[in-house]
Amino acid sequence: MVEKNEDSLNTEKELDFISSPSLQMAVKKSRRKQTIKYVIIALLTSAFLLTALFLGSQYFLNKRLQADREKGYMRTMIQGANVTGEGTYFIHNLFSVLAVTREYKQIGDRQIVWDQTTKKVPLFGRVSIIEQGSGLVSTQNMNTEANRVVRYNEYTNERRIDFYYPGLAYDFLPEEIEIAASMDDNKLIEVALSFEKPMTLTELSSRLGHENINWLWVDTTTSAQRSRMSEELPDDSLRVKGGGRAYGFSVNEENPYTAESGKGYLKTMEQLSKSRTSVKAALKGIKENAVTKNGELLVSGAVVTGAAEELQRFKDLQFIRASVLGATIDKY
C-alpha cells in the first residue's frame, strides 16, 4: 500500500508539471510564433503570386495593346481622308486596359481633333469599342442651301467630306470650292475635290501641283460594284464615298508625291491584305480599276486645305468634277 501511494504522488507531480503556468505560457508563446510565421509566409506568398499575376497580365496586355495600336496606325496610312495622326492614353486595370485614342486632321498649318475612340482591350477575348465620339452612324440632313445631303461629325460638329465617283451620273454636283475661296481670310478650310477621271500621280503633279494638297483619294470600287451603285442606289447621297471610309494616303509639300509614292502605297496595301479581309477586297478594286497597264496608281480625288486666298487656284481647274466643303477653323 505504501508503494501505491508513492506512485500516486509521482503521477500527481507529473500532472502538476504539465499544467504548470510556465509550461502553458511557453506553449502559447510557441504557438503564437508559429502562427505569426505562417501568416508571414502566407502574406509573402500571396504578395509574390499577386505581383507575378499583375506583371504577367500587364505583359500580355501590353502586347495586345501594341498590336491594336499598330493596326490603327496602319489604317490611317491607307484609309481615312485627311486623318493624319493619332495619340493614345491608357487606363490600366488588372485584367483589361481602356485605350482612349484621339485622331487629328491637318487643316492648313494646324491640327484639329477629329475623333475620339475608347476601346476595351481585355487579357482574353476580343477588343471592343466602348465609345466613339463621332458616332457609329453619321448625322446628316438635307441642306437646301447646299442642295445636297450634308453629313456632320457628332464629336466636332464639323462637316464631313464626300467624294463623287468618276463615271457615275449624279443629279447634282456641288462646287463648294467657290464658297471656300470666298471665305474670311481668318479661316482655314478643308475641301474634297473629285476628278472627272482618274489620273496618274505624274499627270496629277503637273496639273494640280503640290501646294496645299493634304491627301489623295484612290477609288477601290470594282466594275460590278459601280454597276450596282448606278442601278440600285437612286439618291445622290447614297452614291458618294464618305471621307472616313475612303482609301488613300497623305502627302505634303516638303515631300512631293511622285509615281514612286503610288508604288509605296500599293506595297503597303499588299502587306496589309494578307491579314485584313477589308484591305484585300479594296486592293482587288484598285487592281481592277485604279492601276494602269504599266503599274502606275490612278488617283480620283484630293483633299486640299488652307486659307481662302490659297484655295483660289483650284476654282477654275476643268478636271475637277465636284468639290465638297469640309472642316473649317479660325486661323487665330
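Observations, loosely collected:
- Looking only at region 77-110, residues that are open to solvent by 30 Å² or more (accessible area, probe 1.4 Å), over 26 Å from M269 (Cα atoms), of a type outside the set (D, E) and out of contact with any Ser or Thr (no Cβ under 7 Å at 6 or more places or on another chain) come to 6 in all.
- Of all residues making up region 56-78, the number that are of a type in the set (G, A, S), closer than 16 Å to K119 by Cα and at pLDDT 70 or above: 1
- Within this structure, T51 fails the test of being modelled with pLDDT of 80 or more and either open to solvent by less than 70 Å² (accessible area, probe 1.4 Å) or not hydrophobic (A, V, I, L, M, F, W, C) (or both).
- One residue from E270, E211 being over 27 Å from the mean Cα position of the chain (by Cα) and surrounded by fewer than 16 Cβ atoms within 10 Å (Cβ to Cβ): E211
Results for (1) surrounded by 23 or more Cβ atoms within 10 Å (Cβ to Cβ); (2) farther than 19 Å from A246 by Cα; (3) of a type outside the set (S, T, N, Q), shown as yes or no for each residue.
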position: E190; (1), (2), (3): yes, no, yes
position: F195; (1), (2), (3): yes, no, yes
position: T200; (1), (2), (3): no, no, no
position: L216; (1), (2), (3): yes, no, yes
position: R228; (1), (2), (3): no, no, yes
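- Of the residues making up region 281-309, those that are in a loop (DSSP other than H, G, I, E, B), free of Cβ contacts under 8 Å to residues at least 60 places away in the same chain and open to solvent by 40 Å² or more (accessible area, probe 1.4 Å) are K293, N294.
- Evaluation of L94 against (1) modelled with pLDDT under 90; (2) hydrophobic (A, V, I, L, M, F, W, C); (3) assigned to a strand (DSSP E or B) (one fails), failing number: (3)
- Criterion applied to Q318, Q312 was being open to solvent by 20 Å² or more (accessible area, probe 1.4 Å) and in a loop (DSSP other than H, G, I, E, B), and the one residue passing it is Q318.
- Residue within region 237-245 that is part of a loop (DSSP other than H, G, I, E, B) and under 18 Å from K71 (Cβ atoms) present: yes
- Between Y257, Y265, the distinction of being among the aromatic types (F, W, Y) and in a helix (DSSP H, G or I) belongs to Y265 only.
A quick yes/no check of all residues on (1) farther than 20 Å from A81 by Cα; (2) open to solvent by less than 50 Å² (accessible area, probe 1.4 Å); (3) out of contact with any helix residue (DSSP H, G or I) (no Cβ under 6 Å at 6 or more places or on another chain); (4) assigned to a loop (DSSP other than H, G, I, E, B):
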{"position": "S134", "(1), (2), (3), (4)": "no, yes, yes, yes"}
{"position": "M142", "(1), (2), (3), (4)": "yes, no, yes, no"}
{"position": "A146", "(1), (2), (3), (4)": "yes, yes, yes, yes"}
{"position": "V149", "(1), (2), (3), (4)": "no, yes, no, no"}
{"position": "E154", "(1), (2), (3), (4)": "no, no, yes, yes"}
{"position": "N157", "(1), (2), (3), (4)": "no, no, yes, yes"}
{"position": "G167", "(1), (2), (3), (4)": "yes, no, yes, yes"}
{"position": "Y170", "(1), (2), (3), (4)": "yes, yes, no, yes"}
{"position": "E178", "(1), (2), (3), (4)": "yes, no, yes, no"}
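- Pair list, Cβ under 7 Å, 6 or more apart: region 151-163 residue closer than 12 Å to V303 by Cβ and among the aliphatic types (A, V, I, L, M), other residue open to solvent by less than 50 Å² (accessible area, probe 1.4 Å) and assigned to a loop (DSSP other than H, G, I, E, B): I161/A81; I161/G243
The values are calculated or read from the model by the stated rules, or taken from the named source; none is laboratory data. Values in this document were obtained by computation on a predicted structure and should not be read as measured data. All Cβ positions, even for glycine, are placed from backbone atoms using ideal geometry, and neighbour counts span all protein chains on display. Keep in mind that these areas ignore ligands, DNA and RNA; they rest on the heavy atoms of the full protein, side chains included. Shrake-Rupley method; radii C 1.70, N 1.55, O 1.52, S 1.80 Å.
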